[in-house]
Amino acid sequence: MKKIISLLIITISLSTQAQVQSVNLQASGLTCSMCSNAINKALKTIPYVDKVMANIRNSSFEITFKPGSQVNFDDLKNKVEDAGFSVAGLDAVVDFNNTAITNDEHINIGGMYLHFINVTDQALSGTRTIKILDKGFVSPKEYKKNARYTKMECYKTGVAGSCCTKSGLAAGTRVYHVTI
């Protein structure tokens, strides 16, 4: 019983070693303030979103989250697309707690699987900004450019496949590809 409790405590501490604080989402396809307003309203319908501040000048949205929330970047992208626009970039501000990252490897951060590419091996502590590199979060040109930094199939699909078995990921698990 003690081993089970110890394993549970270790699992909880590993999955809560980082917290997404905010996101800066760059949208494309906006032509007026009404477009910005449509995205703003759509993002505010996500239950874990605390505040959305629009910057009409550069078509970006600063999104903060309710404390302790499990953030899903696909939810944000889908709301922008449902409003009739697309995501041109997404940077997340994450509070890390001595999290070791290795280039071209997967890690579990707060229940979310991240695959760091084009980074040096290091331990992240404090607040850091990560950039989401997946299809639909960057331009097609940037997506293609970043493909040269990994040979893993999960970069193309966005989900764990045979490339991810050594990381212990189940097939079909969502993996976000990021860089610092």
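Note on the chain: with neighbouring protein chains present and a 1.4 Å probe, carbon and sulfur make up 55 percent of its accessible heavy-atom surface.
Average accessible surface for segment 25-87: 54 Å² per residue, computed with a 1.4 Å probe over protein heavy atoms with every protein chain in place. The share of alpha-carbon pairs in segment 87-180 lying farther apart than 22 Å comes to 23%. Look at (1) 0.99; (2) 1.25; (3) 1.07: the one that is Cα Rg over 2.2 N^0.38 Å derived from this structure is (3). Annotation for segment 23-77 versus segment 105-148: alpha-carbon center distance of 20 Å.
If the chain between Asp50 and Asn103 were fully stretched, how many nm would it gain, using 0.36 nm times the residue separation less the Cα-Cα distance?
Between Asp50 and Asn103, full extension yields 15.8 nm more.
Take segment 89-136 with all the other protein chains still there, run a 1.4 Å probe, and you get 40 Å² of accessible area per residue.
Farthest towards the positive end of the charge dipole of the chain, among the residues Thr64, Val159, Asn108, is the Cα of Val159, using unit charges on the Cβ of Lys, Arg, Asp and Glu. When shorter helices are ignored and each DSSP H run of at least 4 residues is given -39500 (n - 2.57), the per-residue value for the chain at 222 nm works out to -7500 deg cm²/dmol.
Given a cut-off of under 8 Å on Cα pairs at least six residues apart, what relative contact order in percent is computed for segment 110-171?
Dividing the mean separation by the residue count of segment 110-171 yields 20 percent.
Sorting 103-109, 42-48 by their mean Cβ neighbour count within 10 Å, with the most densely packed peptide first, gives 103-109, 42-48.
The values are calculated or read from the model by the stated rules, or taken from the named source; none is laboratory data. The structure presented is a predicted model; accordingly, all values stated were derived computationally and were not measured. No Cβ is skipped: glycine too gets one built from the backbone with ideal geometry, and neighbour counts run over all protein chains shown. The accessibility values were calculated without ligands, DNA or RNA, using every heavy atom of the protein model including side chains. Shrake-Rupley method; radii C 1.70, N 1.55, O 1.52, S 1.80 Å.
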